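Have a look at the structure below, then the notes.
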């Protein structure tokens, strides 16, 4: 999600309340135009109004509807019915959402310089292959209200190693019941607020497939961070160059006993966090809090990334472990690798920013345990939790602000994993933002009272991204066999699985 921490001036945006959806049971060739009825959105100047690009896309008036003849293939659950909730259409609750045929050749604008005058330079970068461009380094983002309990990142190794079974049963392991409908192809999906956007988005409106152009993303005005004077922001503290290992973290929890033998490959855990034990291994918690202890702030680009404090509500001078806490509405934290960019391997980054590597590769797995209790807030991003990932170049340059200073709009990649589209919603939707944008219409039920465990699996051999609700008794082992991952991704019944083929 792209949530701008910049204060907006008197910008009025056209809120494109479309369902980003290519899910069809048959091919459709549209013949009639669709008339868009815009809604007005004027953020309050007093608040930290975010031009959020992660979920709902707010753009200057001028979106043009264009008809295209496209074909989409899917096996979603919309035939069982759909319903409209607060302007968004949802089909059925599911346990698994599978995007196939992900990754097609394209080009995005890679940022190469951010000038002191606020201007930015870029150069075209080509990408291709399975899951591209999300096979590049990605960052993980969490927006409240959310309580993050566990997070684990894995990458595939061809070497056979000892590993624990992914589903280690406990005395009473019941399957999660958090399953919901997903938005259907109708003019309702409040497009998730994100930073840039590819040139065209497609949707099925009243049985007709249409696309519209979103050419004009406008940056918000820049506020000063809490504790900053109107003078240049302080240089990052020396500690900001250390890795997340510098935090007062405990050593990783011991791996469970009963190892099993891997199959065609092994996913090795490269980062882990546990809120209850305050365990942190090779991860860093960051936020757009530049100028508060670390990172930088200026009136051209606003706040850079900084180390987040233990509450996740502000900056810190050195890496901290996120407390076992609830992030309230509109509070966002970023999770990246514990390895910083001092090795020069991150490409261009904003000068003075705290920068870390993301999670690289076309074969990677993420396991998350979280809850999303309602905090009753309304207004901008009120009670609208979300989990999403971005191409890591975005937060390392500019997540919120001038589109020319971010690769987002040119399609370097964002994937909304589980996002509430309106205040208080218990339906979590997913959306893919690349040069081939798409959004599934079924949904996962928001875990408001209990925690939910979720896996996100990137598999290059099948060009798929799989979101899977896990049993409550699932553990996050130090390694997982590829065979176990395959078992996990086929655990849900056909009626609880939504298949979406990107075209």
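No lab work stands behind these numbers, since they all come straight from the coordinates. Keep in mind the model is a prediction, meaning the values are calculated, not measured. Every residue, glycine among them, receives a Cβ derived from its backbone with ideal geometry; neighbour counts consider all protein chains shown.
Tabulated values for the structure
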| quantity | calculated |
| --- | --- |
| Segment residue 311-residue 264, length gained on full extension (0.36 nm per residue, minus Cα span) | 12.8 nm |
| Packing rank of 309-317, 369-377, 288-296, 124-132, where each peptide gets the mean count of other beta carbons within 10 Å, highest leading | 288-296, 309-317, 369-377, 124-132 |
| Residue list for segment 392-413, given a label point 7 angstrom along the Cα-to-Cβ vector of residue 126 and an amide N cut-off under 11 Å | none |
| Gain on full stretching of the segment that runs from residue 100 to residue 375 - 0.36 nm per residue minus C-alpha separation | 95.5 nm |
| Full-stretch length increase - residue 462, residue 490 - with 0.36 nm per residue and alpha-carbon distance subtracted | 8.7 nm |
| Per residue Cα convex hull volume in Å³ - calculated over segment 301-425 | 135 Å³ |
| Förster-model FRET efficiency, 41 Å R0, residue 277 and residue 79, C-beta, rounded to 0.05 | 0.35 |
